[in-house]
1. Where both partners of a DSSP beta bridge lie in segment 11-149, what percent of those bridges are antiparallel, to the nearest 5?
2. Listed highest first by mean packing, meaning other Cβ atoms within 10 Å per residue, what order do 128-138, 96-106, 19-29 come in?
3. Put a dot 7 Å past each Cα toward the Cβ at Ile252 and Phe50; how far apart are the dots in nm?
4. Quick check: residue separation of Asn13 and Arg120 times 0.36 nm, minus the Cα distance between them. What number comes out in nm?
5. Applying 1/(1 + (r/R0)^6) with R0 = 22 Å to the Cβ-Cβ distance of Asn27 and Leu82, what FRET efficiency is obtained, to the nearest 0.05?
6. Between rounded, prolate and oblate, where does segment 11-149 land on the alpha carbon gyration tensor, with a ≥ b ≥ c its root eigenvalues, rounded for a/c under 1.5, else prolate if a/b exceeds b/c?
Amino acid sequence: LLQEGEEDTSVLNAFAVADQWVGKGINSICAMLLKTGLINQDFSALRAVFKNLGGKTLFATGSGSGENFVKIALEELFICPLLHMGDRPANLDCILVNIIGGANLGISKVNTIVSQVSKRFGSKEDIVFGAVIDEALGDRIEICILAKADLEVVPKPIDSSEEVSLKIDKSNEGSQPNLGGIGLETQISQSNEPPRAVHKSKLSKKMPVNSKQNEFTFDTEAQRGYFDKTERNMYKDEDLDVPTFMRKGIKIRIKT
């Protein structure tokens with residue numbers, strides 16, 4: 001819209017010009033597919049241009065009349081607002097050119113158009129072109145081009161900070177590979193340091209079966225403890241204030 005309109009162009013006029021260009025494009029494609037000419041281009045030729053999905057499409061149309069109708073048509077073709085010249089790829093994979101002219105359209109003019117299109121846009125393959133003779137056009141000519149460029153997949157550069165390094169020290173076959181590059185680091189080192197001391201409480205110790213039991217000897221008067229100043233609690237000639245294991249002579253095993 002900005003390419004065709006002036007600074008003071010109204011919105012309605014700008015969209016009217018855009019509609020005209022879209023109409024020209026549709027008419028050019030319909031003429032290429034439906035009109036029979038000297039060199040016909042049908043739907044199969046159109047599909048051959050867009051055989052691969054994705055990529056960028058180039059489409060333009062131009063027309064000219066008068067004495068220098070070829071030059072005028074090429075100039076209009078190259079400034080067609082449908083080209084999107086800003087993001088157009090440098091080289092195209094395939095270009096299809098369709099030319100519609102009057103009875104005075106010569107082979108030299110067709111060759112001039114094809115060579116200028118190839119020089120301007122470039123193509124990795126041969127240009128496919130069609131030519132249609134319409135006597136009603138007289139000294140008028142219409143040019144339509146369709147092209148496509150496949151997007152090349154550019155490998156993403158590897159950031160040195162993300163690079164994964166795998167190094168194995170052959171001198172120590174028991175060691176594990178260093179995976180520090182991806183945040184995993186496994187190191188197994190063989191050390192000559194003595195084993196760490198373990199507290200004896202962690203070790204299981206078994207008492208000998210026939211170990212000698214230690215015994216405490218208590219004075220009879222000192223056996224009452226807190227009940228020393230109280231009257232004896234006698235029952236069947238036994239002092240109940242004395243602990244049972246002492247009254248019955250039960251031996252208690254003491255772990256050392």
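1. Details: 19 of 26 bridges.
Rounded to the nearest five, the antiparallel share is 75 percent.
2. Working: 128-138: 16.7, 96-106: 19.8, 19-29: 14.4.
Highest to lowest by the protection proxy: 96-106, 128-138, 19-29.
3. 10.0
4. Numbers: separation 107, 0.36 × 107 = 38.52 nm, distance 3.04 nm.
Here the segment from Asn13 to Arg120 would lengthen by 35.5 nm.
5. Details: r = 13 Å, r/R0 = 0.59.
Efficiency, from the Cβ-Cβ distance: 0.95.
6. Numbers: a/c = 1.44, a/b = 1.13, b/c = 1.28.
Because its axes are fairly even, with a/c under 1.5, segment 11-149 counts as rounded.
A short reminder: the numbers here are calculations on the coordinates, not readings from a lab. Everything numeric here is computed off the predicted structure, so don't read it as measured data. Every residue, glycine as well, gets a Cβ built from its backbone with ideal geometry; the counts of neighbours run over all protein chains shown.
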